[in-house]
Amino acid sequence: MESLSHTEENYLKAIFKISERDGESVSNNSISTEMQTSAASVTDMIGRLSKKELIHYQKHRGVSLTKGGRQVATHLVRKHRLWECFLVEKLHFNWDEVHEIAEQLEHIHSGVLVERLDEFLGFPRFDPHGDPIPDADGNFAVRKQVPLAELRDGEKGIVVGVQDHASSFLQYLDRVNLGLGAQVEMLEHFEYDESVKIKRIPDVELVLSKKVSQNLFVQKR
């Protein structure tokens with residue numbers, strides 16, 4: 001395959017990310033928002049990626065990845081999440097510090113390096129934010145998880161992931177000790193503002209906003 005620029009790779013990863021969240025067909029506006037760039041820049045890049053047969057584009061229906069485009073995007077995700085594991089586990093960065101560094105490291109093209117990194121880390125299935133790491137064939141681990149907000153009163157769970165990777169959100173979770181592995185029990189849902197009261201096991205009660213409870217994933221116990 002013809003070599004790609006970092007920007008082209010970033011677009012493919014953005015399209016993959018949006019499609020995983022919103023469905024296979026991705027709008028130009030969604031890409032523009034995700035990439036924080038103009039509609040004209042998105043249109044230009046769609047043309048370039050279409051010529052390289054990495055995306056399908058249909059007017060009024062949006063963009064989808066070809067098999068080749070998906071392979072590129074999945075490999076980028078794999079590298080990004082492995083590097084995040086390395087930075088947290090081996091270099092002792094905090095989970096709110098690693099995203100921007102991994103964004104740079106994911107563009108290293110050595111396949112041998114990626115496979116040795118995976119082996120060195122013990123073949124992790126999830127990154128420090130709880131996101132699944134695709135294997136060398138592009139297969140993602142599957143885990144049963146739900147937003148914390150969906151626990152019923154009296155149900156218990158373990159925090160296994162986050163929907164929002166913003167540093168401010170991760171730092172907030174650190175302050176209230178709700179990182180990965182925290183055990184929680186749902187105590188009450190408040191109808192007025194959809195906030196919730198939980199217990200961080202064994203005995204700390206917290207009231208969380210709707211935004212927080214919807215952006216935390218838990219595995220029911």
Cα radius of gyration and Dmax for the range 116-221 (Å): 15.0, 52
The range 84-135: proportion of alpha-carbon pairs further apart than 13 angstrom, %: 60
The chain: translational diffusion in µm²/s, Stokes-Einstein, Kirkwood Rh over Cα pairs, 20 °C, 1.002 mPa s: 113
Average Cα contact separation per residue, the range 1-145, under 8 Å, 6 or more apart, as relative contact order %: 20
Largest to smallest principal axis extent of the C-alpha atoms in the range 87-175, angstrom: 49, 28, 19
Computed log₁₀ I(q)/I(0) - Debye formula, equal Cα scatterers, no solvent, the range 22-136, q 0.12, 0.14, 0.19 Å⁻¹: -0.52, -0.69, -1.04
Average projection area in nm² (convex hull over Cα atoms of the range 16-76, one quarter of hull surface): 3.9
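We did not get these values from a lab; they are worked out from the coordinates using the rules stated. Predicted model, so just to flag it, every value in this text is computed and none were measured.
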